[in-house]
Structure formats: C-alpha cells, structure tokens
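J.: Right, I'll just put the structure down here and ask away after.
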2 protein chains.
Amino acid sequence: MPEAHSPASSLETSAVQTRKSRSARHLRIAIFGFGTVGSSVARILVESKPRGLELTHVFNRGVARKRVDWAPASVVWSEDADAVLASDVDVVVELVGGLDPAGTWARRALEAGKSFVTANKKLIAYHGVELERLAAAKGGHLKYGAAVAGGIPVIPGLEQGMAGDRIERIEGILNGTCNFILSKMEEGAEYASMLAEAQAKGYAEADPTEDVGGFDARAKLAILMRLALRVQIDPEEIVPRPITTITPVDFSYARDLGCTIRQVSRAEQAEGRLAATVGPMLVALRSPLAWSQGMENMVIATGHYGGDVVFSGHGAGGHPTAVAVVSDLLALAHGSQRVEIPSSPARVGAEFEVPHYIRFLVRDRPGIVAAITTELAKEQINIRAIVQRAGFPADALPFVVTVEPCKTSALQRALTPIRTMDCMLVEPLDLQMLE
Amino acid sequence: MPEAHSPASSLETSAVQTRKSRSARHLRIAIFGFGTVGSSVARILVESKPRGLELTHVFNRGVARKRVDWAPASVVWSEDADAVLASDVDVVVELVGGLDPAGTWARRALEAGKSFVTANKKLIAYHGVELERLAAAKGGHLKYGAAVAGGIPVIPGLEQGMAGDRIERIEGILNGTCNFILSKMEEGAEYASMLAEAQAKGYAEADPTEDVGGFDARAKLAILMRLALRVQIDPEEIVPRPITTITPVDFSYARDLGCTIRQVSRAEQAEGRLAATVGPMLVALRSPLAWSQGMENMVIATGHYGGDVVFSGHGAGGHPTAVAVVSDLLALAHGSQRVEIPSSPARVGAEFEVPHYIRFLVRDRPGIVAAITTELAKEQINIRAIVQRAGFPADALPFVVTVEPCKTSALQRALTPIRTMDCMLVEPLDLQMLE
C-alpha cells in the first residue's frame, strides 16, 4: 500500500506535526448500509478527512435515493453487493445488522484478505470467534468497536487499558431503548406510552421484542464477556427477562428502598462458576447504574487488581456509533494490532447470590405473608423487609418482600409453590437488587 | 525476537485458544522503582504470567531491603541504574517519578532502541513530545497509560476509541488527594484534619503543595490536552488555583445552590481559542463530577460527534496503576501501534465563559451589596442570585453572589476594586460553576 498523501485537514492541522506516522496506510473504504450510522460515518470521513481513510464505495438497496451531494464525486454508489466485495476496497464497513446477509459479506470480505468493520452485535456475538479466525488466517482484521455501547470506548478500554487486569465481573446498561423507557417510568410515565414515544422517536422498532425482551442486550453482553471474562459462550444460553413486567408500583416501592429500576446485563466469574443474566433489576440510587438517563449506556468492569472502572456515554445514535466506526478505521490505517485476549469456550449458568426484590399482587386475605415466608424459610432464605404502602385496594394489593442474598436457584424453588397460591393475581415479580 | 513459549497461565487458560497471536513478542522487563506501584506490577507479572512478559531486572536504591521472596530467582536486583540500562532488557518501566533522573533514564533507554513505560505524569507533560520523537527515531515505544487517572483506561480510550471524533472539551477529577479532602469536607470535615488524614493514609506527601496546589493535576491535564485537544502546551502556562481557600461555609452555600465542590481540571477549544484551568469549582450534585468520592478519578471528554463520554474509577494506588502499566506492556508485546494523534504547539489562555460563585467574607455595614453589584454591572456581568444564610456574626459575615455566564477576564476586572473594599476580611473567592 502506498503511504497516505492526504491534504491538510481538520484532524491534522497544517502546523508542525509531532512526527510522521510510522505506519499509516491508505485504506479504500466501502460502506454497506447508508442509514443513520452509515451516512454519519461518511459525513465524518468527508468533513474531518482523517489521514489514510478514503470513502470509495457505498452499497445500499435502492441506492439512488440515498445519494448525497456532499460526498466526493469519486464515490461509487452501488446496489450490487457482489461487485463492491469484488472491487479493490481494503475495508468493508457493515452497518446493515442482522445475521444475514451480513455474515456472508463478512466471510467474503475476510476471505479476500480485506478487513471488516461492523456495528453488528448479533453477528459478533454469534460468529465473532469464527470471523476472527478467518481474519487471522487471511491477513485481514475484524473490528467491532461500535457493536457494544456505540460511542463509549469500552472495547478498546477492555482490550488495551484493562488487558493487564483479570476482570471478574461486568455489568452494563447496554440497551438505550429500555433505559429510555425505564428512566421515564421512574419519573411517573406508563410503560405503553413510553414505548410508543420511543417508537415515534425512532429509538425502538415496530416490533420492540429485541430491545424490551433483552435480546439486543444479551448479544452485547456475550461480546463483553469474551473480552472481559475471556469466555466464548453461546448467547442462547442466557435467558433474558423482559422489562414488560415492570409496573409503576414497582418504581414507588423501589424508591422506598432507595433504589430505581434499570435493565441491567451482568456476568460474573467466581470460583470457576460463570453466570450471566439480562433483565430489569433494582439498582441503588447512589450507584453508577442509576446515573444513566434516557438513551445513555454504561459499562462497569470490575478488575481483580484495579477495582471498578465505569464507562458511560451515548450508546447509540448515528454520530456516536459512527465515531466508534471511524476510530476502528483509524486503528486499521495505523496498523494498530489489538492486544490478543485469549478466550476459551465455556458454558454459562444463571446462578447469582444477591438480595432480591419480590413484588406480589394479591387478593388480600389473612395468612398470605405467613404462607410466603414459610416457603422462603424452607429454602433458608432470610427476609430483609416486608413493604406495603397504604392506599391500595384489598382485591388487588401490591406488596413487596425483600430477601437477603440467596442463590437464584433457591429463590426459584421457593417461588414455585408461591406462584400457584390462589390469592396471586399475577406472577410474582422477582428482581435482583444490586447494591 | 522469538515467539513466546509461556506455560499455562491464569490469563491464558489451558483450554482451546481462539487463535495464536500474530505478533506476540517476548519482552524482558526492568522495573525502576520498587515502591507500591513497582511491587504491584511485579506481583501481577508473577501471578498472572501474561504471555510474552518476563520480569528480569529490578532497580532501586538500597535494593537489598526491597527484595521479595515471591519473585522468580532469575530476577536481577540491582542498585546500578547504568548497568540495568546497558543490559539486554527490552523495556524499562519507570516508577520513580520526577523529572530527574527519570528523564535521563528515558533518553538512554529510548536512545538504545528500548521501549519506555512510565507512570510519570510530570516527565510526560514536560518532555512527552521530545521523548516520543526519540522513540520513533530509534524504533522503540513510549507508553504512559498509567500517567493519568491510573487504572482508568482514559488514554487508550482517547487514542483508540475516540480517535475518530474531534474532542472539544475535557474535564476531569485528576487528583485523588484533593478529591478525598473535598469529598470529606462535603460531609462536614475541616480541611486541616482531612489533609492530616490523607497524609496519615499515605495519599498526600508531607509537603502537599503538588496535590492541593493543583500542580499534579495540571501535568495530567497537559497530557490529556495533547491526546484529546491535539495541542502541545507548556504546562506552566496553566496557573492552578489551590483548594486551600475553600472553607466549610462554601460547602453549605454550594449545597443551597444544588452543588458541591471538587478540584476540576478543564480545557476547551472553541472558535480557535484554547483555555485551560485547574482549581476548585462548584459542580452540580446531579452531574457526573459530583459522583466522585474519595480517591476516585474521573474524566469527561466531549466530542463534536459523540457527545460526552465519562470514564471513572480508581485513579491511583498500587494495583490500579500497575494494571495500566501491565496493559501498556501487553500492548508492546502484541506490537500494538497506537493511533497517531497529530498535535501542534499551542499557547493556552484562561478565558472561559461560565457562571461563577463568588463568596465574600465581610465586616457588615450598609451598602456592601450595592457597591459589589455596581462593580459587576460596570463589566456587564448579570447577577443570578445573592445568597446569605442567617446566623453568622455581623463582624465576619460570609455571603455569596452568583453571576450568569461571563468571561473570566471581565470578572477579574470587576473584582479588582471589590478586593480592596475596606469591609473585605479576606480575598473574595470566585469559583467556576459547572452545570
């Protein structure tokens, strides 16, 4: 590859340079998918002119309507993916999402020795290991800094800055849509109207299952687990819990307990046991996880040596995600090798040992608390508090039991007979409490 | 260099590996300075056995008393810096601090084509550009991930994950000692007793000027400015303000305003104007800067495209700092090139446009507020609020004026005649308010 001969640019002022790059390569770049993120990547490449990065191709179905007047005339606009993949581009930037055809493009690009940069969490969660092997075998690179927490540099942080630690736990707010809905519910809004607002703002899809069901966050957690906990897992082994079961009364009770509710993705490795879960949880108002408002994302990595490190910022959106993509492209142009973090295949369970919040909705009658606490006692689960606000009707009475740290499995065993008690109007809601 | 043939280790489980590293080199490492951080680096190298990293030499004055029984017998313990620099080590890890002799060691190591890894913020703030040029010329590398915010991967975050953005502002809590003292004062403690406690705990030196005067934070800010704002500055051009002028009454007034007080380092680049400052400031209780408690550090980088990214964690201490050092060593072993962030020499001013908190301590008499507000009005500075709590004696009355965003220089002009008013018992305290 020739050295870059770029014009003076805003990323590279015309004043005296510190020194010439030792390794900046000139890269010809194809963007696959010219939606919000794709056009934002193009915009940064055109405006900032980072040295060594040249946008040469854009692929999109029906590309004519995507064409923009601010892109260089030299850019080839195409709806023929095969032709672009067969061209002389050095890097394919995939921003379409989903397993197919993104996976096919990735394999073809890497097979041809090109590099592949993507924001596709699903592709990386399910096929990242295979694609990295392919990249290594063919001399290209796979980069996916935008796949988790968009503009927050958590992947380089883990790969570079925390590589020297042994990370024991990872917790995150990884889905902006859920965080938007839950942080609005914290202020008193209803789930359905906030989902509708998120859809109207383009934060949530018409079918919101990927987001609110926890599947999007699960894919991101699987990626973080590989980098942080160094395990290769099958994402399907994590069973996410939806946020749809959360009601306004849970936020009132949470507040009484000094907490709020967030969709949290967490995984930990302790004493050879690997556990991961995604779902709504109670988080202390004073904890970093409660700081995240709206579409913000957050990741907390707990190192054996370095303790907690918190990363937070805008997890999604065109510009923040595009910054992560362009940063990956710059790393390729500068020949930046990532620190190889070895990882091994592992099975993942769901066994944690934490306090829990359990909310019941019952038709009131004498003996309910006695019956519930008896079942908990059989599993050696200690009650921490029983909380019941005044003012609810006796025929639909919500109340809460919190318990001291106990194994997830023990709680589930205790809840089995409780679920079928005739006074229960809905399934009891059990949430992990993070302190 | 030969490929590493390391034994099975905890960082590299014995199970199936994803793939072999393409570039892991075997590095012989000398640690200069075997204090808290140095012994923690050695501990991680010995315990975790990261592939490719071998501790071969330790240099310390009076090294005999430093010797530990858990290090490999092959380690050479030396009090002859010249001999270690002349040896076949590949990397010198400098953890002594200060400009000399650390600078001499750095030049000699780099001159010989070795790499140099350091936690020395002062050396990097004053001589980083020169040392990077030398490293580039001789084929070695300079790494200083531990120099700012210890265990928080803010340097790789800026270099790798945010390289694609244009960062416009950087704010940070960069000195753990000041944060410890101020967050304790927030809870009601007195400055002097908290300084004594910080000294007793080993957080602060016998002469605390570097910390409480803002000089330590200034060096770190200068380093962040190079990476984030891409400017090479003379750190001496930033005039830090000490935290010693803060009194308990300032915390009460701050709380009335929904704020607390932290030592903040901040720099911004707007409309071709570069400004930087270090000192105590009012920060909104709801803002990330107020989250930092005790010895924690935090950095907030504001990107033109990606918005705010927050990094937080343990900024100092043996283990967190050591993690950053070992991560740098791993990056060297893996041939990781940093993304070259070009930077240019620049002059730095102190002109911000923000709201201010001004606390006066006066011998009360009629007309003081009128006189102060008249001077402010002459500079077109708008009053936001005048706050005076009941219960203070008239002969030593503290009260506060807050003003709408105004230029630092205008406020200083207005304060000049106010300072000499006969009712003033102490210098008025003006603090930036960050919202």
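J.: Counting only residues that are part of a helix (DSSP H, G or I) and polar (S, T, N, Q), which one in the stretch B:298-333 is surrounded by the fewest Cβ atoms within 10 Å (Cβ to Cβ)?
T.: B:Thr321
J.: Still on this structure, please answer the following. Checking A:Pro101 against (1) surrounded by fewer than 24 Cβ atoms within 10 Å (Cβ to Cβ); (2) touching a strand residue (DSSP E or B) at 6+ places or on another chain (Cβ under 8 Å); (3) over 25 Å from A:Arg230 (Cα atoms), which single condition isn't satisfied?
T.: The one condition A:Pro101 does not meet is (2).
J.: OK, next. Considering only residues that are within 12 Å of chain A (Cβ to nearest Cβ), farther than 24 Å from A:Gly128 by Cβ and either modelled with pLDDT under 50 or crowded, with 16+ Cβ neighbours inside 10 Å (or both), which ones fall in the stretch B:9-47?
T.: B:Arg25, B:Val37, B:Ser40, B:Val41, B:Arg43, B:Ile44, B:Leu45
J.: Here is a list of conditions, (1) outside any strand (DSSP E or B); (2) buried (at least 22 other Cβ atoms within 10 Å of the Cβ), and B:Gln263 meets all of them except one; can you say which number that is?
T.: Result: B:Gln263 fails condition (1) only.
J.: For the stretch A:285-296, give me the residue count where each residue is more than 10 Å from every other protein chain (Cβ to nearest Cβ) and either assigned to a strand (DSSP E or B) or among the hydrophobic types (A, V, I, L, M, F, W, C) (or both).
T.: 4
J.: Kindly check whether there is at least one residue in the stretch B:86-106 that is small (Gly, Ala, Ser), in a loop (DSSP other than H, G, I, E, B) and within 24 Å of the chain's Cα centre (by Cα).
T.: yes
J.: Contact list please: Cβ distance under 8 Å, first residue in the stretch A:69-83 and more than 13 Å from A:Leu55 (Cα to Cα), second residue of a type in the set (Gly, Ala, Ser) and assigned to a loop (DSSP other than H, G, I, E, B), pairs at least six apart or on different chains.
T.: Filtered contacts from the stretch A:69-83: A:Glu79/A:Gly62.
J.: Scan the stretch A:153-165 and report the pairs whose first residue is in contact (Cβ under 8 Å) with a residue 12 or more places away in the chain and more than 7 Å from every other protein chain (Cβ to nearest Cβ) and whose second residue is in a helix (DSSP H, G or I) and not acidic (Asp, Glu), with Cβ atoms within less than 6 Å and a gap of 6+ or a chain change.
T.: A:Leu158/A:Leu227; A:Leu158/A:Ala228
J.: How many residues does the stretch A:166-182 contain that are within 13 Å of chain B (Cβ to nearest Cβ) and either farther than 21 Å from A:Ala290 by Cβ or surrounded by fewer than 24 Cβ atoms within 10 Å (Cβ to Cβ) (or both)?
T.: Total satisfying the criteria: 3.
J.: Among the residues in the stretch B:59-66, are any outside any helix (DSSP H, G or I) and more than 30 Å from B:Leu221 (Cα to Cα)?
T.: In the first step, residues of the stretch B:59-66 are kept if they are outside any helix (DSSP H, G or I); the result is B:59-62.
Add one more test, that the residue is more than 30 Å from B:Leu221 (Cα to Cα), and what stays is B:61-62.
Yes; the residues of the stretch B:59-66 include at least one that is outside any helix (DSSP H, G or I) and more than 30 Å from B:Leu221 (Cα to Cα).
J.: Another one. Please tell me if A:Gly294 is closer than 24 Å to A:Arg241 by Cα and buried (at least 23 other Cβ atoms within 10 Å of the Cβ).
T.: Answer is no for this residue.
J.: So for the stretch B:270-282 (the condition being closer than 23 Å to A:Ser287 by Cα and among the charged types (D, E, K, R)), does at least one residue qualify?
T.: No, the stretch B:270-282 has no match at all.
J.: Check B:Glu190 against each of (1) of a type in the set (Asp, Glu); (2) more than 24 Å from B:Arg25 (Cα to Cα); (3) surrounded by fewer than 24 Cβ atoms within 10 Å (Cβ to Cβ); (4) within 14 Å of another protein chain (Cβ to nearest Cβ) and name the one condition it does not meet.
T.: (4)
J.: One residue is enough: does the stretch B:215-230 have a residue meeting the conditions more than 14 Å from chain A (Cβ to nearest Cβ), touching a residue at least 24 places away in the same chain (Cβ under 8 Å), within 28 Å of B:Lys122 (Cβ to Cβ) and aromatic (Phe, Trp, Tyr)?
T.: Yes - at least one qualifying residue is present in the stretch B:215-230.
Residue by residue, here is whether (1) within 27 Å of the chain's Cα centre (by Cα); (2) surrounded by 13 or more Cβ atoms within 10 Å (Cβ to Cβ); (3) in the same structural domain as A:Gln232 (by TED's automatic domain parsing) holds:
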residue	(1), (2), (3)
A:Pro345	yes, no, no
A:Leu361	no, yes, no
A:Ile372	no, yes, no
A:Gln380	no, no, no
A:Ala390	no, no, no
A:Thr408	yes, yes, no
A:Leu415	no, yes, no
A:Met424	no, yes, no
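J.: Moving on. In the list B:Ile223, B:Ile238, B:Ile246, B:Ile233, which residue meets the criterion of being touching a Phe, Trp or Tyr at 6+ places or on another chain (Cβ under 8 Å), under 30 Å from B:Glu130 (Cα atoms) and surrounded by 16 or more Cβ atoms within 10 Å (Cβ to Cβ)?
T.: B:Ile223
Let's see how each residue does on (1) within 11 Å of chain B (Cβ to nearest Cβ); (2) under 18 Å from A:Thr177 (Cβ atoms); (3) of a type in the set (Ser, Thr, Tyr):
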residue: A:Glu236; (1), (2), (3): no, no, no
residue: A:Gln263; (1), (2), (3): no, yes, no
residue: A:Ala275; (1), (2), (3): no, no, no
residue: A:Val283; (1), (2), (3): no, yes, no
residue: A:Phe311; (1), (2), (3): yes, no, no
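J.: Another question, then. Take the residues in the stretch B:365-386 that are within 29 Å of B:Val283 (Cα to Cα) and in a loop (DSSP other than H, G, I, E, B); name whichever of them is nearest to the other protein chains (Cβ to nearest Cβ).
T.: B:Asn382
J.: Determine whether B:Glu340 is of a type outside the set (Lys, Arg), part of a loop (DSSP other than H, G, I, E, B) and on the phi < 0 side of the Ramachandran plot.
T.: yes
J.: If the Cβ limit is 6 Å and pairs must be 6+ apart or interchain, which residue in the stretch A:248-271 that is closer than 30 Å to A:Asp165 by Cβ pairs with which residue that is buried (at least 19 other Cβ atoms within 10 Å of the Cβ) and modelled with pLDDT under 95?
T.: That search, which allows pairs on different chains as well, returns A:Thr260/A:Ala290; A:Arg262/A:Leu289.
J.: Within the stretch A:128-145, can you find the residues that are assigned to a helix (DSSP H, G or I) and over 22 Å from the mean Cα position of the chain (by Cα)?
T.: Residues satisfying the conditions are A:Arg133, A:Leu134, A:Ala135, A:Ala136, A:Ala137, A:Lys138.
J.: Only one residue in B:Ala189, B:Ala217 is assigned to a helix (DSSP H, G or I) and in contact with an Asp or Glu (Cβ under 9 Å, 6 or more places away or on another chain). Which one? Give the steps one after another, and end with the answer.
T.: Working: B:Ala189 fails: assigned to a helix (DSSP H, G or I).
Selected residue: B:Ala217, the only one of B:Ala189, B:Ala217 that is assigned to a helix (DSSP H, G or I) and in contact with an Asp or Glu (Cβ under 9 Å, 6 or more places away or on another chain).
J.: Which ones in the stretch B:121-144 are under 18 Å from B:Ala316 (Cα atoms) and among the aromatic types (Phe, Trp, Tyr)?
T.: Kept after step one, since they are under 18 Å from B:Ala316 (Cα atoms), are these residues of the stretch B:121-144: B:121-125, B:143-144.
B:Tyr144, the sole residue that qualifies.
J.: Let me ask another. Determine whether the stretch A:146-158 contains at least one residue that is of a type outside the set (Val, Ile, Thr) and over 19 Å from the mean Cα position of the chain (by Cα). So that I can check it myself, show each step before the final result.
T.: Residues of the stretch A:146-158 of a type outside the set (Val, Ile, Thr): A:146-147, A:149-151, A:153, A:156-158.
Pick out the ones that are also over 19 Å from the mean Cα position of the chain (by Cα) and you get none.
Among the residues of the stretch A:146-158, not one is of a type outside the set (Val, Ile, Thr) and over 19 Å from the mean Cα position of the chain (by Cα), which makes the answer no.
J.: Out of all the residues in the stretch A:343-364, which are assigned to a loop (DSSP other than H, G, I, E, B) and away from every other protein chain (no Cβ under 14 Å)? Spell out how you get there, then give the answer.
T.: To start, the set of residues in the stretch A:343-364 that are assigned to a loop (DSSP other than H, G, I, E, B) comprises A:343, A:346-348, A:350-352, A:363-364.
Scanning the stretch A:343-364 gives A:Val348, A:Ala350, A:Glu351, A:Phe352, A:Arg363, A:Asp364.
J.: Sticking with this structure for a sec: For the stretch A:107-121, which positions are part of a helix (DSSP H, G or I), hydrophobic (A, V, I, L, M, F, W, C) and out of contact with any Gly (no Cβ under 6 Å at 6 or more places or on another chain)?
T.: A:Ala109
The values are calculated or read from the model by the stated rules, or taken from the named source; none is laboratory data. Because the structure is predicted, anything quoted here is derived from the model rather than measured. When we count neighbours, we look across all protein chains shown, and the Cβ atoms used for this are built from the backbone with ideal geometry, even at glycine.
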